[in-house]
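In what follows, a single structure is set out as structure tokens and then discussed.
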Amino acid sequence: MVNIENWDWESEQKTLAEPAKWKDQFEDVWEPYVSPDGEKIASIVKIGEGEFNICVNGNTWEEPFEKMWYSRFAPDGRLTALASRDAEWTMAVDGQPWDESYEYIWDTKFSVDGKVIVAVVKHNDAYAISVNGKAWECPVALHSIASHEVSPDGNTVAAIAQTVPLGQADLEGFLKGTWSVVVNGKPWEKNFVNVYGLAISNDGMRVASEYRAAICDYGIVVNGASWNEKFGCTWEPVFHPIMSDEVTAPVRQGGQWFLATNGRIIWDRGFPSLLYQTYSPDGRRIAASVAKSFAKWTIAVDGKPWNMTFGECVLRPCFSPDGRRVAAIAKDSGNWLFVLDGKVLGGGFDNIWPPVFTPDGSRAICKVEKNGKYRIAVDGQIRGSEYEFLWDPVISPDGTKVLIKGVEDGKYYRRVIPLDKI
């Protein structure tokens, strides 16, 4: 884990860059990104024909590249980007390219501490996962990779991959199954018609996914072993945050969606729709987005739906650190709403980002958009300045301060504001 206690929580304000002026320095300036601790702001910039670089707090990396895209900060503050030289792609980390290069590279992901950097690569018509610059050496060729995940500690990397070649219009071969899961370069023995919804347990010891064994025959598979039960459809599985042998997934039977753990239905009622199941941090509670009926979306906590419903959607629920409170973002009549424990707080917004709770769960803070400007909202109420760009707020470990990272009047500010003054 990244220790945010080591971040600067004392400096009330830092002006670290003027991104508005970058447009006068470079031919083109891409979307900016900010480091987790707020100390750096970066954008890919075009410095000339066939020359791209990254500008960090006003300074560029030492060497440019022919092409660049998908710049992202790792949790430990290192800046990554996918970069091309001599018509080959690689990962550049703080300006240093990996030794290996590929035909293509995409979908960068990180371990929780940022020390492990992972991406999908293609080289010589074969697909692989590159981990810190070293591509998997699989015993079989991977003909495609649909998605991949990294365990929190970075020791386990799993991918949904096509392990059997398939010719055009080969229906028989398709129904035999050509997709599987590859873990740290080793594919599972079983193949399936389709594989979706990859998940890794917090301890990295187990990998789960949903699969299709026939046209209407779905199930969940964990470390290559399928649940005994099969269903008319399934949705993405999740692991219990503490007990890695417990997997929960939405399953469909009899025209309704139910929540099942290790193949056993755990809620006493079904719903027309059920998704985004989420455990509380201690694993004692579970919430999910559900539809009571057509266009009647809400959150169900431990199987009991909130009374209030919303006409368009309800996104993934979010528990407070102590597991007592549940927040969600809902959309109704064109407005995005912040909902806490079944009640709408504040008014409607053009957009809302997932909230963060104070350690005691007493306050929920999120980034919102209204009329083209970004603001911070506390319990649904707008607070503080308007920003042209704004990133997710971070609450100090003691819950008394909020780190706000935003661009205001063309300048990038890193601000630490007491919660009671925001």
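The values are calculated or read from the model by the stated rules, or taken from the named source; none is laboratory data. Quick caveat, the model's predicted, so the values are computed rather than measured. Please note: Cβ atoms are built from the backbone with ideal geometry, for glycine as well, and neighbour counts cover all protein chains shown.
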Inset, instruction - Could you identify the single residue in G303, G263, G311 that is touching a residue at least 40 places away in the same chain (Cβ under 8 Å) and either in contact with a Ser or Thr (Cβ under 7 Å, 6 or more places away or on another chain) or closer than 20 Å to S209 by Cα (or both)? - result: G263
Legend entry - Meets criteria (of a type in the set (A, V, I, L, M, F, W, C) and either touching a Phe, Trp or Tyr at 6+ places or on another chain (Cβ under 7 Å) or modelled with pLDDT of 95 or more (or both)) for A159: yes
Legend entry - Number of the exception - K331 against (1) basic (K, R); (2) under 30 Å from A20 (Cβ atoms); (3) modelled with pLDDT of 95 or more: (2)
Legend entry - Any pair with Cβ under 6 angstrom, 6 or more apart, that starts in the range 197-218 at a residue that is under 19 Å from N184 (Cβ atoms) and without any contact (Cβ under 8 Å) to a residue 60 or more places away in the chain and ends at one that is surrounded by fewer than 24 Cβ atoms within 10 Å (Cβ to Cβ) and among the charged types (D, E, K, R): L198/E149; I200/E149; G204/D153
Inset, instruction - Quickly run through the range 252-271 and pick out the residues that are buried (at least 16 other Cβ atoms within 10 Å of the Cβ) and touching a Gly at 6+ places or on another chain (Cβ under 8 Å). - result: R252, W257, F258, L259, W267, G270
Legend entry - Qualifying positions in the range 79-108 - over 21 Å from E149 (Cβ atoms) and either touching a residue at least 60 places away in the same chain (Cβ under 8 Å) or of a type in the set (A, V, I, L, M, F, W, C) (or both): L79, A81, A83, A87, W89, A92
Legend entry - Flag for D282 being modelled with pLDDT under 95, acidic (D, E) and either over 25 Å from S147 (Cα atoms) or exposed (fewer than 14 other Cβ atoms within 10 Å of the Cβ) (or both): no
Inset, instruction - Name the single residue, out of those in the range 373-422 being charged (D, E, K, R) and outside any strand (DSSP E or B), that is nearest to P354 (Cα to Cα). - result: D392
Legend entry - Output for the range 36-50, where each listed residue is modelled with pLDDT of 95 or more and either polar (S, T, N, Q) or farther than 22 Å from K115 by Cα (or both): S43, I44, V45, K46, I47
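Every residue, every condition in (1) crowded, with 19+ Cβ neighbours inside 10 Å; (2) touching a Pro at 6+ places or on another chain (Cβ under 7 Å), yes or no:
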{"residue": "I352", "(1), (2)": "yes, no"}
{"residue": "S362", "(1), (2)": "no, no"}
{"residue": "K373", "(1), (2)": "no, no"}
{"residue": "T400", "(1), (2)": "no, yes"}
Legend entry - Conditions (1) modelled with pLDDT under 95; (2) surrounded by fewer than 16 Cβ atoms within 10 Å (Cβ to Cβ); (3) at positive phi; number of the one not met by I382: (3)
Inset, instruction - Inspect the range 155-174 for any residue being surrounded by 15 or more Cβ atoms within 10 Å (Cβ to Cβ), in a strand (DSSP E or B) and out of contact with any Leu (no Cβ under 9 Å at 6 or more places or on another chain) and give the result as yes or no. - result: yes
Inset, instruction - Tell me which residues, restricted to the range 206-231, are within 22 Å of the chain's Cα centre (by Cα) and of a type in the set (S, T, N, Q). - result: S209
